[in-house]
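The values are calculated or read from the model by the stated rules, or taken from the named source; none is laboratory data. Small disclaimer: the values here were computed from a predicted structure and weren't measured. No Cβ is skipped: glycine too gets one built from the backbone with ideal geometry, and neighbour counts run over all protein chains shown.
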Amino acid sequence: MVQQLSRLFEPGRIGKMVLKNRIIMAPMGVPRIATRGGYLSKEYLAFYEARAKGGVGFIQMSISALGKPWATGLTFAPGSLSIVDDEHLPSARRFVDAMHDHGVKVSFQITHHGAVLSWMLHKMPPEKRPRGLRVVAPSPVPFSQTGEVPHALTVSEIHALVEAFGEAAKRGKAAGFDAVRIQACHGYLIHQFLSRRTNKRADEYGGSLQNRARFACEITRRIRQEVGPDYPVIIRLNGNDFLEGGITVADAVQHAQLFAEAGVDALDVSSGPFESHHWQFLTMYQPSGALVSAAAAIKKAVKVPVMTVGKIDALMAERILQEGSADFVQFGRPLIVDPELPNKAMEGRWEDIRPCIYCDTCMRSLDSSTCSVNPAFAKELEYTIEPAQQSKKVWVVGGGIAGMEAARTLAERGHKVTLYEKSDKLGGQWNVLSAYRPEQGSLVRYLSRQLDKTGVKVVVGEEATQQMVEEMKPDAVVVATGASPATLDDVPGIDGERVVFAHEVLTGKVQTGNEVVVVITGRGSRGLAAALFLAEQGKTVSVVAKSKIAWGLNHNIKLALLENLIKLRVAMFPDSTLESVTDKGVHIIWDGGEPPERGGPRYEVLFLRADSVVLAAGLRSENALGERLSGFMPEIYRIGDCVEPRGVLAAIHEASEVGRKI
């Protein structure tokens with residue numbers, strides 16, 4: 001074990017339960033590998049077993065529903081094991097035994113979805129929706145995502161729910177789990193009671209903070225009665241809702257004190273209901289460790305252990321523990337990306353840790369369970385890297401993310417790989433974002449390290465040509481020549497000296513004036529990053545977008561970007577067309593006026609002053625070499641943006657597929 005991680009890898013205690021280290025796997029549903037009815041599947045077991053082998057000390061399972069369908073809304077939560085009745089216990093017990101074989105403790109989590117059930121049912125096809133379910137909540141407040149008004153629970157129904165939590169805890173203990181965790185955050189039922197935004201009751205379960213916490217405290221006490229004094233009880237709470245009128249850090253401190261008095265053994269501090277989902281799943285546009293301060297405030301106020309979570313790497317986790325901000329650190333998405341993270345950190349193999357880039361793909365693709373950076377996620381049984389039957393001389397042309405991943409995989413299988421990159425550095429288009437968000441450079445550093453380790457010959461500053469292929473005769477060529485920024489040819493003034501590209505701004509190649517208009521015709525990721533970058537410098541920025549702002553971005557990325565842009569007073573003009581660029585600014589047609597039935601006109605011609613115009617018109621594929629080699633090479637493959645500009649997910653997954661195929 002490396003010395004600088006002495007705290008992270010020392011044993012920890014929660015009640016009477018001793019953990020081998022202070023690394024906890026945060027709860028995550030994996031719907032793609034869930035079985036029907038919540039029974040254990042071999043795919044589900046393989047996913048968790050990979051993380052158990054990887055060195056975590058404690059696995060916190062995702063939501064397991066309560067025992068009565070009328071109380072929980074669903075008999076089990078998608079992506080989770082079920083403990084809904086005694087028939088499910090042998091299945092759960094097999095899972096727990098498998099984790100114990102690797103020295104890992106396991107908790108189960110119980111909750112009630114409350115008004116969130118409205119959203120879950122809304123996503124289901126009508127023919128698949130369970131019949132007779134009621135959406136319930138503390139008060140008849142319309143659910144933010146669907147507008148549905150839930151049934152307000154009666155006091156007798158609340159008491160029945162408290163009993164249901166106790167029964168579920170008893171079943172979980174009988175299944176062999178090492179601890180129970182109460183889900184009291186993220187907008188689910190208990191959180192709905194805790195928050196003044198959703199709890200408008202005038203009885204003993206509403207009004208004051210203590211009354212709003214009564215439901216959670218009664219559940220805690222009832223569970224304690226069922227599981228006994230020595231069985232660990234953990235509660236997960238929001239340290240901050242990041243919403244006006246929501247739970248504040250000061251509220252969370254009082255909640256934590258009440259929960260500790262009620263008998264919990266540890267406090268798991270998270271954040272973010274549905275309305276501020278990006279604070280539950282922090283993105284590349286939010287600070288690392290953004291939730292730690294709330295955990296630290298709670299830790300000062302209680303005597304039970306505190307857990308923190310949220311965009312944390314191993315070195316930051318050690319600092320958090322050393323500073324006394326928390327007693328345990330949870331890793332969620334980083335363990336999706338690299339199951340071996342704890343083992344690699346313990347051995348000091350920092351550059352071998354495959355990094356999470358916080359791109360939100362895993363959340364956008366929740367039902368299909370996909371990770372941009374780790375193609376093996378939720379495919380642990382089917383994804384293998386086997387030695388090549390015949391070692392071939394393979395050229396990879398293009399040193400972006402796709403080319404690097406393909407070269408790494410090919411070399412790992414025993415091929416003799418040469419990677420050509422015509423520029424002077426590896427990384428391709430990913431270097432544009434890394435210039436603005438330096439932490440994103442970790443992906444290029446990781447892949448570069450793997451190229452070194454696997455013996456890939458890397459040639460930079462030289463462009464591979466058809467003539468070179470003809471002369472040197474590689475057995476196979478993988479074309480990963482990427483894409484380049486597109487432009488708008490038919491706009492008057494677009495070729496003026498005031499017009500620059502977003503990638504030039506983000507990489508520092510050009511400087512802009514103080515009044516800037518960013519024109520977006522693509523998905524918006526690069527243009528909005530440039531707008532945020534310039535606004536953070538104090539410039540006056542307007543965004544003119546051909547479609548809706550951030551229409552093509554993953555949900556939490558969109559929320560985080562828009563929150564930051566609004567905070568910095570960036571003006572936004574969606575559904576707009578750039579008409580012309582002048583020496584004073586730009587003319588646009590904005591689809592933002594009143595519709596004709598309200599006295600229109602709907603479309604307005606606006607003039608926006610600008611010293612500089614930043615163009616983000618998307619990317620265009622660079623596939624000239626691929627076209628020249630097509631039909632000439634017996635074995636040629638095209639991957640990544642040279643096929644079609646799509647981003648890091650397609651780049652890495654296509655590279656991995658080709659790398660395992662040749």
Positions within segment 139-156 being modelled with pLDDT of 95 or more, not in a strand (DSSP E or B) and not β-branched (Val, Ile, Thr), in sequence order: Ser139, Pro140, Leu153, Ser156
Considering residues of segment 122-138 that are outside any loop (DSSP other than H, G, I, E, B) and over 23 Å from the mean Cα position of the chain (by Cα) only, the residue modelled with the highest pLDDT: Ala137
Residue that is farthest from Asn514 (Cα to Cα) [pool: residues in segment 603-618 that are modelled with pLDDT under 95 and assigned to a strand (DSSP E or B)]: Glu604
Scope segment 560-572; condition surrounded by fewer than 22 Cβ atoms within 10 Å (Cβ to Cβ) and over 26 Å from Asp495 (Cβ atoms); matching residues: Leu562, Glu563, Asn564, Leu565, Ile566, Lys567, Leu568, Arg569
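Would you check if there is a residue in segment 431-454 being in a strand (DSSP E or B) and farther than 16 Å from Ala407 by Cα? Give the derivation first.
So in segment 431-454, the residues in a strand (DSSP E or B) come out as none.
No; the residues of segment 431-454 include none that is in a strand (DSSP E or B) and farther than 16 Å from Ala407 by Cα.
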Residue in segment 99-121 that is assigned to a helix (DSSP H, G or I) and in contact with a helix residue (DSSP H, G or I) (Cβ under 6 Å, 6 or more places away or on another chain) present: yes
Selection from segment 314-329 of residues that are surrounded by 21 or more Cβ atoms within 10 Å (Cβ to Cβ) and either part of a loop (DSSP other than H, G, I, E, B) or in contact with a Gly (Cβ under 8 Å, 6 or more places away or on another chain) (or both): Ile320, Ser325, Ala326, Asp327, Phe328
Segment 234-256 residues that are in the same structural domain as Phe281 (by TED's automatic domain parsing) and over 20 Å from Val180 (Cα atoms), paired with ones that are acidic (Asp, Glu) and not in a loop (DSSP other than H, G, I, E, B) (beta carbon under 9 Å, 6 or more apart): Asn240/Asp251; Asp241/Asp251; Asp241/Glu275; Phe242/Glu275; Phe242/Glu563; Leu243/Glu275; Gly246/Glu275
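Does segment 257-266 contain at least one residue that is farther than 22 Å from Val292 by Cα, in a helix (DSSP H, G or I) and assigned by TED's automatic domain parsing to the domain that holds His113?
If we filter segment 257-266 for residues that are farther than 22 Å from Val292 by Cα, which is where we start, we get 261-263.
Those left that are additionally in a helix (DSSP H, G or I): 261-262.
Of the ones still in play, those that are also assigned by TED's automatic domain parsing to the domain that holds His113 are 261-262.
Yes - at least one qualifying residue is present in segment 257-266.
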Residues (surrounded by fewer than 24 Cβ atoms within 10 Å (Cβ to Cβ), of a type outside the set (Lys, Arg), touching a residue at least 12 places away in the same chain (Cβ under 8 Å) and under 22 Å from Ser580 (Cβ atoms)) located in segment 495-533: Gly496, Val499, Val500, Phe501, Thr512, Gly513, Asn514, Glu515, Thr521, Gly522
Residue check, Val605 of a type in the set (A, V, I, L, M) and surrounded by fewer than 19 Cβ atoms within 10 Å (Cβ to Cβ): yes
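Name the one entry in Leu419, Leu341, Leu381 that is in contact with a Gly (Cβ under 7 Å, 6 or more places away or on another chain) and not assigned by TED's automatic domain parsing to the domain that holds Arg22.
On the way: Leu341 fails: not assigned by TED's automatic domain parsing to the domain that holds Arg22; Leu381 fails: in contact with a Gly (Cβ under 7 Å, 6 or more places away or on another chain).
Just one listed residue meets the conditions, Leu419.
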Test set (1) surrounded by 14 or more Cβ atoms within 10 Å (Cβ to Cβ); (2) over 18 Å from Gly527 (Cα atoms); (3) of a type in the set (D, E, K, R) - Asp575 fails condition number: (2)
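Residue-by-condition table, conditions (1) over 16 Å from Ile639 (Cα atoms); (2) touching a helix residue (DSSP H, G or I) at 6+ places or on another chain (Cβ under 8 Å); (3) at pLDDT 95 or above:
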| position | (1), (2), (3) |
| --- | --- |
| Ile401 | no, yes, yes |
| Met404 | no, yes, yes |
| Val456 | yes, yes, yes |
| Glu463 | yes, no, yes |
Neighbours by Cβ (under 8 Å, 6+ apart or cross-chain): first from segment 332-352, without any contact (Cβ under 8 Å) to a residue 40 or more places away in the chain; second surrounded by 23 or more Cβ atoms within 10 Å (Cβ to Cβ) and part of a helix (DSSP H, G or I): Pro334/Leu341; Trp350/Ala314
Qualifying positions in segment 488-528 - of a type in the set (Ser, Thr, Tyr) and under 23 Å from Ser434 (Cβ atoms): Thr507, Thr512, Ser525
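Regarding Ala213, is this residue in the same structural domain as Trp279 (by TED's automatic domain parsing) and free of Cβ contacts under 8 Å to residues at least 24 places away in the same chain? Give the derivation first.
Details: in the same structural domain as Trp279 (by TED's automatic domain parsing): yes; free of Cβ contacts under 8 Å to residues at least 24 places away in the same chain: no.
It is false that Ala213 is in the same structural domain as Trp279 (by TED's automatic domain parsing) and free of Cβ contacts under 8 Å to residues at least 24 places away in the same chain.
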Single condition Tyr205 does not satisfy, out of (1) touching a residue at least 12 places away in the same chain (Cβ under 8 Å); (2) touching a Phe, Trp or Tyr at 6+ places or on another chain (Cβ under 8 Å); (3) part of a helix (DSSP H, G or I); (4) more than 22 Å from Asp327 (Cβ to Cβ): (3)
